[in-house]
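The values are calculated or read from the model by the stated rules, or taken from the named source; none is laboratory data. Owing to the predicted nature of the structure, the values given are computational and were not obtained by experimental measurement. No Cβ is skipped: glycine too gets one built from the backbone with ideal geometry, and neighbour counts run over all protein chains shown.
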Amino acid sequence: MPFSVILANQKLTIMFFLFRQDPIKKLEKQYLQLMEQARDIQRSGDLRAYSKKILEAEELQHKIDLEIAAKYKK
């Protein structure tokens, strides 16, 4: 392949890489939403639902930790 074609492919790859969303940020956003929902549920007085929502948030936090560890292990 000519050099100009290779260079164009690299530019396209870099361009699309800039717009790709970080999966860790997406998970962190979901975590914050779960915590806000848990806060609202706790304020309403339903402690069983609150504990379930907190459990979901903790599981998601564990997943985030694994993703971060995998990202920096490379």
Does residue 11 qualify as being out of contact with any strand residue (DSSP E or B) (no Cβ under 8 Å at 6 or more places or on another chain), modelled with pLDDT of 65 or more and assigned to a helix (DSSP H, G or I)? no
Which of (1) at pLDDT below 85; (2) surrounded by 10 or more Cβ atoms within 10 Å (Cβ to Cβ) does residue 49 not meet, given it meets every other one? (1)
Could you check region 57-74 and list, in sequence order, the residues that are hydrophobic (A, V, I, L, M, F, W, C) and surrounded by fewer than 14 Cβ atoms within 10 Å (Cβ to Cβ)? 66, 68, 69, 70
